[in-house]
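Attaching a single structure in structure tokens format; questions to follow.
The values are calculated or read from the model by the stated rules, or taken from the named source; none is laboratory data. The model shown is predicted, which means the values in this text are computed figures rather than measured ones. In this analysis, Cβ positions are derived from the backbone assuming ideal geometry, glycine residues included, and neighbour counts consider all displayed protein chains. Heavy atoms of the whole protein, side chains included, go into the accessibility calculation; ligands, DNA and RNA do not. Shrake-Rupley method; radii C 1.70, N 1.55, O 1.52, S 1.80 Å.
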Amino acid sequence: MSDDARTLKPVDVVVVGGGWAGSIMAKEMTEAGRTVVMLERGPDRSTAGEGAYPASIDELEGNFRYKLFQDLSKNTVTIRNNANQTALPYRRMAAFLPGEGVGGAGLHWSGVHFRMPPDDLRLRSRVIEKYGAKFIPEGMNLQDYGVTYEELEPFFDKAEKVFGTSGEAYKVNGQVVGQGNVFSPSRSDHFPLPPLKDVYTAHLFRKAAAEVGFHPYSLPAANASQQYTNPYGVQMGPCNFCGYCSGYACYMYSKASPNVNILPVLRRHPLFELRANCHVLKVERDSTGTRATGVTYTDAEGKVVTQPAEMVILTAFQFHNVRLMLLSGIGKPYDPVKNEGVVGRNFVYQNVTTSVVWLDPKVETNQYIGAGGGGVAFDDFNSENFDHGPLGFVGGSPVWVNQAGVKAIAGAHSGGPPGTPRWGSAWKAGMIDTYRHSLRIDAHGANMAYRDVYLDLDPTWKDAYGQPLLRMTFDWKDNDIRMNRYVVDRIGDVAKAMGARNVHLTRREFGKPFDTRQYQTTHLGGGAVMGTDPQTSALNRYMQSWDVHNVFVIGANAFPQGTGYNPTGMVAALAYWAAHHIRTTYLAHPGPLAG
Amino acid sequence: MQGLAGVAACGTVSGTGAAAPPKPYMPVFFNAAEWNFLLAACDRLIPADANGPGALALNVPRFIDQQMTTPYAQGAQWYMAAPFVQGPDNLGYQLPYPPRDLYRHGIAGMNAHATTRHAKPFAALAPDVQDDLLRAAEGGRLVFGDVPSAAFFDQLLANVMEGAFSDPIHGGNTGLGGWAMLGFPGARADFMDWVDRYGAHYPLGSVSITGETA
Ligand SMILES: Cc1cc2nc3c(=O)[nH]c(=O)nc-3n(C[C@H](O)[C@H](O)[C@H](O)COP(=O)(O)OP(=O)(O)OC[C@H]3O[C@@H](n4cnc5c(N)ncnc54)[C@H](O)[C@@H]3O)c2cc1C
Ligand code: SF4
């Protein structure tokens with residue numbers, strides 16, 4: 001640290017990052033009577049500001065100029081497909097879109113709000129029980145989370161109540177209570193709100209999927225189907241399916257966000273202080289290296305400042321958490337050659353492909369109507385809901401119509417059916433037909449973890465503060481490609497039942513590398529995973545660093561491998577789970593919570 | 001300049017009835033030769049036809065010119081730190097050029113190529129020859145110094161689509177003509193009463209951020 005660094009008055013807890021994970025942890029720590037400083041590198045943001053109608057209803061600014069997203073000019077990652085390549089900077093937003101500013105990506109996410117399937121939480125054990133250890137392909141690092149669904153259930157429930165989640169239960173306390181997902185585990189309570197209405201395409205998909213014999217259900221959505229007041233006393237209005245959801249602050253106060261659901265209460269709390277435009281450079285440790293003493297950051301004026309704290313909670317998003325650990329020397333960096341170390345290990349993504357179905361030209365699919373979390377899914381090929389034995393792959397994929405609102409520029413870019421030119425009169429005809437009469441079906445698959453897919457620091461490129469960029473080494477593997485192809489074929493069955501005029505099934509292709517230029521999702525995971533073995537996890541099952549006990553790391557970085565579901569429901573539950581153990585055990589007896 | 005801007009003014013009008021001729025627009029960023037190229041290329045990329053207005057009637061060139069003075073066009077949102085190392089396409093854009101530079105290099109390259117091959121700048125060529133050149137650029141078959149033609153073409157095409165289909169507040173999509181041809185209601189952003197009217201035609205026209213309707 002430089003000599004001119006200012007050192008501020010110590011606080012109990014520093015929270016790094018102002019998204020969902022950070023807001024939940026800050027709320028919990030202030031409830032526990034601790035002083036909390038939240039450091040957020042981006043600007044302060046609110047729904048009243050960024051969400052104001054009609055200025056916010058601007059597709060160019062929202063989805064093409066990335067108004068609310070990470071400023072890549074300051075900080076990005078480098079990417080390569082394998083360790084023999086030179087990783088190159090991710091210079092322009094494309095494949096994934098990290099957030100920035102108060103609320104994080106939670107201000108402008110979509111809202112699909114899942115619980116992790118019980119089998120996914122102990123996937124290694126489950127696969128071995130069902131198919132034997134030999135079923136796991138060479139080089140796949142399959143692991144258990146070290147926490148069970150039963151342990152997490154109260155925290156899934158809490159998160160849904162805070163988010164005001166709309167959905168339909170299948171089982172509550174072991175009793176079948178509704179038309180929800182037949183594969184979902186029992187819940188302690190219903191969803192706080194009834195499911196959103198189906199948009200037309202989701203309605204057609206529900207009918208067709210049931211006809212084929214699958215088990216469709218309403219996606220659980222953190223987009224309020226009715227007016228709602230959450231346990232913190234903040235209010236949400238009913239979602240009007242405005243279609244400007246993913247990438248936008250919700251002008252209706254219907255989409256759950258830290259800015260609407262938590263921060264209004266937190267901002268007024270006397271123990272809480274928010275500092276925006278403060279970029280954390282590193283976690284400081286004492287001379288033994290086993291205790292954090294606070295963090296060093298660059299403030300809004302560019303001054304380097306040290307904030308001492310008793311406890312540091314990293315909630316900077318999956319890969320920023322991993323990078324901060326690497327930059328701070330917390331945990332042993334992963335070495336794929338020696339197969340040692342844990343920070344950077346088991347980096348995963350979402351294995352998603354989108355297929356397109358064209359209906360009769362008389363049918364208008366109104367793709368511009370939609371809510372980010374709304375839609376209909378079936379889980380017949382997700383998780384361990386089907387027999388993988390004869391199929392010979394690990395992992396699965398929910399299938400859904402999740403029409404978040406397709407707007408005009410996006411429609412123009414998607415163009416017509418494959419083979420249509422990208423411009424000129426033929427493009428125009430194909431594009432208009434596709435926009436008006438098609439629908440999209442996703443296979444939102446899990447991505448497994450592999451020994452040679454990982455995160456480390458880049459040797460060449462630096463961020464605006466002179467620190468090395470994070471390097472991603474990532475590619476699709478045969479197991480995951482085979483899984484995708486199997487499930488996408490089932491989409492073909494549903495499309496047929498819908499009376500499709502034309503279908504384009506999008507399958508992952510063998511030998512076609514991960515393409516950073518094509519938008520996929522921002523569901524990045526792993527890299528600092530939780531577990532019960534310090535040789536294969538960076539965090540214990542309470543999200544606590546094995547090596548530096550007063551550092552907790554909350555985010556999708558904790559997932560040992562990918563899952564078919566969107567991550568945020570699990571991230572929020574893990575935050576409440578970690579906070580519970582910090583409040584009930586750690587604060588009275590600071591030290592390792594697992595040994 | 002007057003004459004060139006006139007090309008935009010005379011752009012084929014949409015099938016939905018002729019509006020008052022738009023005022024000639026004076027480009028701020030593009031010089032005369034560049035503007036001439038842009039008008040001609042836009043007219044080929046989104047031609048006016050039975051399906052709706054073309055890029056000229058939608059004032060797409062004006063949109064692009066206005067974008068060129070935003071931070072975006074100067075690369076303010078891109079990671080532009082050296083070194084610039086070229087790699088496989090799937091690892092993404094690795095040129096040291098922000099959008100403004102891509103246009104400058106790309107248009108000069110297209111015109112130089114047209115002049116060498118056909119003794120005329122791009123805008124003076126017949127439409128089918130222009131299409132061939134655009135296809136060659138799209139396929140990466142031309143090289144403009146160190147700018148692969150596909151990088152320029154992709155930039156141009158992306159901005160053309162944005163200009164035709166974004167809110168008119170940004171200078172394109174004149175008369176909401178882009179949205180009308182798609183049946184996209186624009187900034188309505190409220191479908192509370194329509195979400196479960198399955199299969200019914202949405203009756204309201206498009207509206208823009210400033211309240212313009214079509
Ligand atoms: C368009 C979009 C749609 C999505 N839709 C869904 C969905 O439907 N369902 C779902 O489950 N998930 C969805 N996600 C993912 C979801 O947004 C994330 O899982 C969630 O926001 C993660 O929360 P977080 O708190 O871990 O991180 P974030 O929300 O990313 O917050 C992290 C914060 O930390 C800040 N930060 C980073 N580094 C530093 C530093 N060094 N110093 C200070 N601050 C720092 C960042 O600026 C950011 O504000 C979506 C994401 C996007 C982008
Ligand atoms: S679709 Fe609903 S939740 Fe999403 S931004 Fe619009 S009103 Fe809000």
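Would you mind calculating the relative contact order of region B:2-182 from Cα pairs under 8 angstrom and at least 6 residues apart, reporting the percent as a whole number? Present the calculation step by step, with values, prior to reporting the outcome.
Details: 245 pairs, mean separation 45.2, N = 181.
Answer for region B:2-182 is 25 percent.
Residues with amide H under 5 Å of A:Trp461's amide H, sequence separation 5 or more or different chain, H placed in the peptide plane at 1.01 Å from N; which?
A:Leu469
Heavy atoms only, 1.4 Å probe, whole protein assembly: order A:Lys407, A:Lys477, A:Lys462 by accessible area, highest first.
Details: A:Lys407 10, A:Lys477 50, A:Lys462 90 Å².
If we order A:Lys407, A:Lys477, A:Lys462 from most to least accessible, we get A:Lys462, A:Lys477, A:Lys407.
Can you tell me the accessible area per residue over region A:6-586, all protein chains present, probe 1.4 angstrom, in square angstrom?
32 Å²
Just tell me the longest site-free run in chain B, where the sites are trypsin sites (Lys or Arg not before Pro) in a DSSP loop having at most 14 other beta-carbon atoms within 10 Å. Show your work: numbers first, answer last.
Numbers: sites that count: B:Arg141, B:Arg197.
Result for the longest clean stretch: B:1-140.
Quote the charge dipole size of chain A about the Cα centre in Debye, to the nearest 20; the model charges only the Cβ of Lys and Arg (+1) and of Asp and Glu (-1).
Its charge dipole is roughly 820 debye.
Show me, for region A:33-40, the HN-Hα J-couplings you get by feeding each phi into the Karplus relation (A = 6.51, B = -1.76, C = 1.60, θ = phi - 60°), rounded to Hz, glycine and proline as x.
Karplus-based 3J(HN,Hα) across region A:33-40 equals x, 9, 6, 10, 10, 9, 9, 10 Hz.
Here is a follow-up. Have a look at B:Asn173, A:Tyr565, A:Gly22 and report the one farthest towards the positive end of the charge dipole of the protein assembly as shown, computed about the Cα centre with Cβ charges (Lys/Arg +1, Asp/Glu -1).
B:Asn173
Considering only protein heavy atoms and a 1.4 Å probe, what is the carbon-and-sulfur percentage of the accessible area of the protein assembly as shown? The partial results should precede the final answer.
Values: 14650 of 28290 Å².
Carbon and sulfur together cover 52 percent of it.
What does the structure give for B:160-168 when I average, per residue, the other chain Cβ atoms found within 10 Å of the residue Cβ?
On the way: counts 2, 12, 8, 2, 4, 9, 10, 9, 0.
Neighbouring Cβ atoms belonging to other protein chains average 6 per residue here.
Given a 1.4 Å probe, show me the residues in region A:186-220 buried by at least 50 Å² of accessible surface when comparing the whole protein assembly to the chain alone.
A:Lys197, A:Tyr200
So which of A:Lys428/B:Lys120; A:Lys67/A:Lys407; A:Lys74/A:Lys303; A:Lys27/A:Lys158; A:Lys74/A:Lys282 end up more than 18 Å apart, counting from Cα to Cα?
Numbers: A:Lys428/B:Lys120 29 Å; A:Lys67/A:Lys407 16 Å; A:Lys74/A:Lys303 16 Å; A:Lys27/A:Lys158 13 Å; A:Lys74/A:Lys282 16 Å.
Over 18 Å Cα-Cα: A:Lys428/B:Lys120.
Separate question: Under unit Cβ charges (Lys, Arg +1; Asp, Glu -1), what dipole magnitude, rounded to 20 debye, does region A:214-303 have relative to its Cα centre?
Working: 8 positive and 5 negative charges, 12 e Å.
Charge dipole of region A:214-303: 60 debye, to the nearest 20.
Would you calculate the separation in nanometres between label points at A:Ala210 and B:Lys120, each defined as 7 Å from the Cα along the Cα-to-beta-carbon direction?
So the two model labels end up 6.3 nm from each other.
Still on this structure, I have one more. Taking the Cβ-Cβ separation of B:Phe84 and A:His580 as r and a Förster radius of 60 Å, what is the calculated FRET efficiency to the nearest 0.05?
Calculated value: 0.80.
Here is a further query. How much length would be gained if the chain were fully extended between A:Asp533 and A:Asn339, taking 0.36 nm per residue of separation minus their Cα-Cα distance, in nm to one decimal?
Details: separation 194, 0.36 × 194 = 69.84 nm, distance 1.46 nm.
Full-extension gain reported as 68.4 nm.
Just the accessible area per residue of region B:2-182, please: how many Å² with a 1.4 Å probe?
Details: 7040 Å² over 181 residues.
Dividing the accessible area of region B:2-182 by its residue count gives 39 Å².
I've got another one for you. For the pair A:Leu327 and A:Asn82, what calculated FRET efficiency results from E = 1/(1 + (r/R0)^6), where r is the Cβ-Cβ distance and R0 = 25 Å, to the nearest 0.05? Provide the component values of the computation, followed by the final result.
Values: r = 24 Å, r/R0 = 0.97.
Once the sixth-power term is evaluated, E becomes 0.55.
Charges on Cβ only, +1 for Lys and Arg, -1 for Asp and Glu, centred on the Cα centroid of the protein assembly as shown; of B:Pro24, A:Gly247, B:Val195, which one is farthest towards the dipole's positive end?
Of the listed residues, the answer is B:Pro24.
Pick from B:Val28, B:Val85, B:Val129: which is most flexible by mean-square fluctuation in a GNM of chain B where alpha carbon atoms under 10 Å apart are linked?
So, out of B:Val28, B:Val85, B:Val129, the one fluctuating most is B:Val85.
In region A:392-451, if the dipole is taken from +1 on Lys/Arg beta carbons and -1 on Asp/Glu beta carbons about the Cα centre, which of A:Val394, A:Ser438, A:His413 is farthest to the positive end?
Of the options given, the answer is A:His413.
Here is a follow-up. Using a Gaussian network model of chain B whose springs link C-alpha atoms within less than 10 Å, name the residue from B:Gly139, B:Gly52, B:Gly171 with the highest mean-square fluctuation.
B:Gly139
Can you pull the accessible area of B:Asp146 for me, 1.4 Å probe, Å² to the nearest 10?
About 90 Å², ignoring ligands and nucleic acids.
Can I ask one more? Hey, got the dipole for region B:2-182? About the Cα centre, +1 on K and R Cβ, -1 on D and E Cβ, debye to the nearest 20?
Working: 9 positive and 14 negative charges, 68 e Å.
Dipole of region B:2-182, to the nearest 20 debye: 320 debye.
At 7 Å along the Cα-to-beta-carbon direction for both A:Ala300 and B:Thr210, put a label point, then send me their distance in nm to one decimal.
Between A:Ala300 and B:Thr210, the label points sit 3.3 nm apart.
What does the buried accessible surface come to for B and A, summed over both chains, with the probe at 1.4 Å? Round to 100 Å². Display every interim value, and only then the final one.
Details: alone 11440 and 22490 Å², together 28290 Å².
Chains B and A together bury approximately 5600 Å².
Let me ask something else about it. With θ set to phi - 60°, apply the Karplus curve 6.51 cos²θ - 1.76 cosθ + 1.60 along region B:30-46 and write out the HN-Hα couplings as whole Hz, x wherever there is a Gly or Pro.
Each residue of region B:30-46 in turn: 7, 7, 4, 5, 5, 5, 4, 4, 4, 4, 5, 5, 4, 5, 7, 5, 10 Hz.
For a quick check: with amide H placed at 1.01 Å from N, whose amide H comes under 5 Å from A:Gly294's, ignoring anything fewer than 5 positions away on the same chain?
A:Glu284, A:Ala309
What figure, in Å² to the nearest 10, do you get for the accessible area of A:Tyr170 with a 1.4 Å probe and non-protein molecules left out?
50 Å²
What is region B:85-214's relative contact order, in percent, from Cα pairs under 8 angstrom and six or more apart in sequence? Could the numbers behind the result be given before it?
Numbers: 126 pairs, mean separation 20.3, N = 130.
Contact order relative to length: 16 percent.
Counting alpha carbon pairs within less than 8 Å and at least 6 residues apart, what relative contact order, in whole percent, applies to chain A? Don't jump to the answer; show the numbers that get you there.
Numbers: 1522 pairs, mean separation 130.3, N = 595.
Relative contact order here is 22 percent.
Label chain A by shape, choosing from rounded, prolate and oblate, from the square roots a ≥ b ≥ c of the eigenvalues of the Cα gyration tensor; if a/c is under 1.5 it is rounded, and otherwise prolate applies when a/b is larger than b/c, oblate when it is not. Intermediate values should be presented prior to the final figure.
Values: a/c = 1.45, a/b = 1.36, b/c = 1.06.
Rounded, because the longest to shortest axis ratio a/c is under 1.5.
For B:Asp89, what accessible area in Å² do you get when you roll a 1.4 Å probe over the heavy atoms of the protein chains, rounding to the nearest 10?
110 Å²
Could I ask something else about it? Once you sort the root eigenvalues of the Cα gyration tensor of region B:79-171 as a ≥ b ≥ c, which label holds: rounded (a/c under 1.5), prolate (a/b larger than b/c) or oblate (the other case)?
Numbers: a/c = 2.00, a/b = 1.20, b/c = 1.67.
Because a/c hits 1.5 or more and a/b fails to exceed b/c, region B:79-171 counts as oblate.
Follow-up question, since we're still on this one. On a straight-distance basis, which lysines could pair with A:Lys207 in a cross-link, Cα separation under 24 angstrom, same-chain partners fewer than 8 positions away excluded?
Straight-distance partners of A:Lys207: A:Lys171, A:Lys197, A:Lys362, A:Lys496.
Excluding same-chain residues fewer than 8 positions from A:Lys134, which aspartates and glutamates have a Cα within less than 18 Å of its Cα?
Once the sequence-local aspartates and glutamates are set aside, what remains near A:Lys134 is A:Asp144, A:Glu384, A:Asp387, A:Asp478, A:Asp480.
Starting from the Cα-Cα distance between A:Leu8 and A:Gln175, subtract it from 0.36 nm times their residue separation and give me the gain in nm to one decimal. Walk me through the numbers on the way to the answer.
Numbers: separation 167, 0.36 × 167 = 60.12 nm, distance 5.45 nm.
Roughly 54.7 nm would be gained on extension.
Separation between the A:Ala429 and A:Lys362 pseudo-spin-labels, each 7 Å from Cα along Cα→Cβ, expressed in nm?
2.2 nm
Suppose R0 equals 45 Å; then what is the FRET efficiency for B:Asp146 and A:Tyr131 from their Cβ-Cβ distance, rounded to the nearest 0.05?
On the way: r = 53 Å, r/R0 = 1.17.
The computed FRET efficiency comes out at 0.30.
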